[in-house]
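A short worksheet on the structure shown next.
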Amino acid sequence: MDDLYKEVILDHYQHPHNHGTLPDATNSYEDSNPLCGDKIRMEMKIENGVVTDVKFTGKGCAISQASASMLTDEIKGKSLEEIKHIDKQVVLDLLGIPLGPSRIKCALLPLKVIKASAYGIHEWGDEEEE
Amino acid sequence: MSTLNVSSIREDFPILQQFVHGKPLVYLDSAATSQKPESVLRALDTYYRTTNANIHRGIYQLAEQATEQYENARKQVQKFINAKSWREIIFTRNATEALNLVAYSYGRANLRAGDEIVISVLEHHSNIVPWQLLAQEKNATLKHIPVDGQGQLALDDLENLLTEKTKIVAVTMMSNVTGAITPLDKIIARAHSVGAVVVVDAAQAAPHLPLDVRALDADFVAFSGHKMLGPFIGVLYGKRALLEAMPPFLGGGDMIRQVHLQESTWNELPHKFEAGTPAIAEAIGMGAAIDYLNALGMENVRAHEMELTQYALDKLQEVPTLRVIGPTASAQRGGLAAFEMQAEGTFPSIHPHDIAAILDRDAICIRAGHHCAQPLHDFYDLPATARASFYVYNTPDEIDQLVASLQNVRKMFNK
Ligand SMILES: Cc1ncc(COP(=O)(O)O)c(C=O)c1O
């Protein structure tokens, strides 16, 4: 049990960081996971190739929402080049819990939305196909 | 308490003897697929070990035996649902394929632009999407019977909904989410009075309720063997006169009488609708499942599930924030309970995925998601629900474990 829902995940779920909308966003994207209906919207402000602000809204399980909360902390202040290197493993390390195949999709949805928002939908990596 | 001897039934199901995460398995997902008794497993094993041959055109003994066993399974299905003739029983891959068969074969041949198809908000995607495809192709209109606050079909407007324009009514006999047992008699009477055919999705009903297709007077009935203790196979029942007049669904071997290079003629029923080598062992296994259910008696199966469901509905109320959707009386619903855990105080609602993942740690298997019924979840304005479903092998003790585990979920999230 303990290893499944670490305190930190429940904290992020209850008190998500960077939750809300960004009226002066330069980039945004929304996607959902058809399997479970998890939904994430990312709004980002990108200036000179750096993410200066990011906020998310969404509905879903603790894993997807905590992942969004942690990832928005992670990318704030990073350059688009740095964000390119954020992959599946980074997300799994942030969450720090073992995940089965269907819940990995929940965990990776926010990353997928971040990359689609930052680079457009065709240019993000192939984490899901691995 | 129970009308069934559940402890002896449990011994017939090898999978239920196992431990998951070091705890005895509590399987509460039979609405998705049921477990299989020893007799079904043995029927599959015996077929492959002693009889395996392709059916219908073999002259040698094995092939004759295989054919006989396969066709005997068809007759078992016929009797199980009280169809008039074995020719009215078509084996398919699953209920979904059976519903598609009707849409593609009957629908394409009989629907004209401007005709109407009526489904309901309760439907599983398999009884929605084929009709959408058909309506798009034919420029027909797709309408739906609404649901009420109890998750039951609301028939107040039936007279206006089913009119001379209605050609097909496709509706479930039991919802896989609210559990509602639908008032089919009224719908079928009205549909027939306006000249429409009725397609019944019995995927949830056939495993759990006595089903008499002649008393029901349904035109087509679809269900799946795998939800009723059998292997992965499906069945379409259709009234003979309708099936006789319908064009084939899939083309290939076995469904033809004669094939020439430019054209062919069709085999007689039911083979006209069974192109290619069918799921022979699975059909025979389904026959064994029917034997098993008949030995228990479908009335007893229903009585057991009603007791268990009432017990579950009562017990689940003990969990604060938990809300079961669907009819509140077990007499009006099948053996399942779909629920949400609502927000409380400063804490957000608990997503069904999280509930299911935590229950898994207690070796309790429930399903989380929209259960292939997204329009119904839209109606409730819920992205997903958690669902526990029951069958002949489930016990009140397992429901106690479910409830204890749910209390634990709430504690974890609500510190
Ligand atoms: C009500 C209902 N209809 C249809 C189906 C489809 O059954 P299958 O997936 O076996 O085709 C299901 C099962 O998920 C169901 O619950």
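Overview of results
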| read-out | value |
| --- | --- |
| Cβ-Cβ under 6 Å pairs, at least 6 apart or on other chains, the stretch B:74-103 side free of Cβ contacts under 8 Å to residues at least 40 places away in the same chain, far side more than 14 Å from the ligand (Cβ to nearest atom) and open to solvent by 50 Å² or more (accessible area, probe 1.4 Å) | B:K75/B:W86; B:Q78/B:W86 |
| Flag for B:K167 being farther than 24 Å from B:A31 by Cβ and touching a strand residue (DSSP E or B) at 6+ places or on another chain (Cβ under 8 Å) | yes |
| Search result, residues across the stretch A:38-68 that are touching a Ser or Thr at 6+ places or on another chain (Cβ under 9 Å), open to solvent by less than 40 Å² (accessible area, probe 1.4 Å) and within 10 Å of chain B (Cβ to nearest Cβ) | A:D38, A:G60 |
| Residue that is farthest from the other protein chains (Cβ to nearest Cβ), among those in the stretch B:351-392 that are closer than 22 Å to B:L142 by Cβ and among the aromatic types (F, W, Y) | B:F379 |
| Every residue from the stretch B:367-384 that is open to solvent by 50 Å² or more (accessible area, probe 1.4 Å) and within 11 Å of the ligand (Cβ to nearest atom) | B:R367, B:C372 |
| Test: residue in the stretch A:77-97 that is more than 18 Å from A:S28 (Cβ to Cβ), surrounded by 19 or more Cβ atoms within 10 Å (Cβ to Cβ) and not aliphatic (A, V, I, L, M) | no |
| The stretch B:223-249, subset open to solvent by 20 Å² or more (accessible area, probe 1.4 Å) and within 16 Å of the ligand (Cβ to nearest atom), residue modelled with the lowest pLDDT | B:F249 |
| Matching residues, the stretch A:12-42, being out of contact with any helix residue (DSSP H, G or I) (no Cβ under 8 Å at 6 or more places or on another chain) and among the charged types (D, E, K, R) | A:D24, A:K39 |
| Some residue of the stretch B:371-381 being under 16 Å from B:F339 (Cα atoms) and without any contact (Cβ under 8 Å) to a residue 24 or more places away in the chain | yes |
| Some residue of the stretch A:27-37 being under 22 Å from B:I358 (Cα atoms) and more than 13 Å from chain B (Cβ to nearest Cβ) | no |
| Condition check for B:D254: touching a residue at least 24 places away in the same chain (Cβ under 8 Å), in contact with a helix residue (DSSP H, G or I) (Cβ under 8 Å, 6 or more places away or on another chain), of a type outside the set (A, V, I, L, M, F, W, C) and open to solvent by 30 Å² or more (accessible area, probe 1.4 Å) | no |
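The values are calculated or read from the model by the stated rules, or taken from the named source; none is laboratory data. As the structure is a computational prediction, the values presented were derived from the model and not from experiment. Glycine also receives a Cβ, built like all others from the backbone with ideal geometry; neighbour counts cover every protein chain displayed. Accessible surface areas use protein heavy atoms only, side chains included; no ligands, DNA or RNA. Shrake-Rupley method; radii C 1.70, N 1.55, O 1.52, S 1.80 Å.
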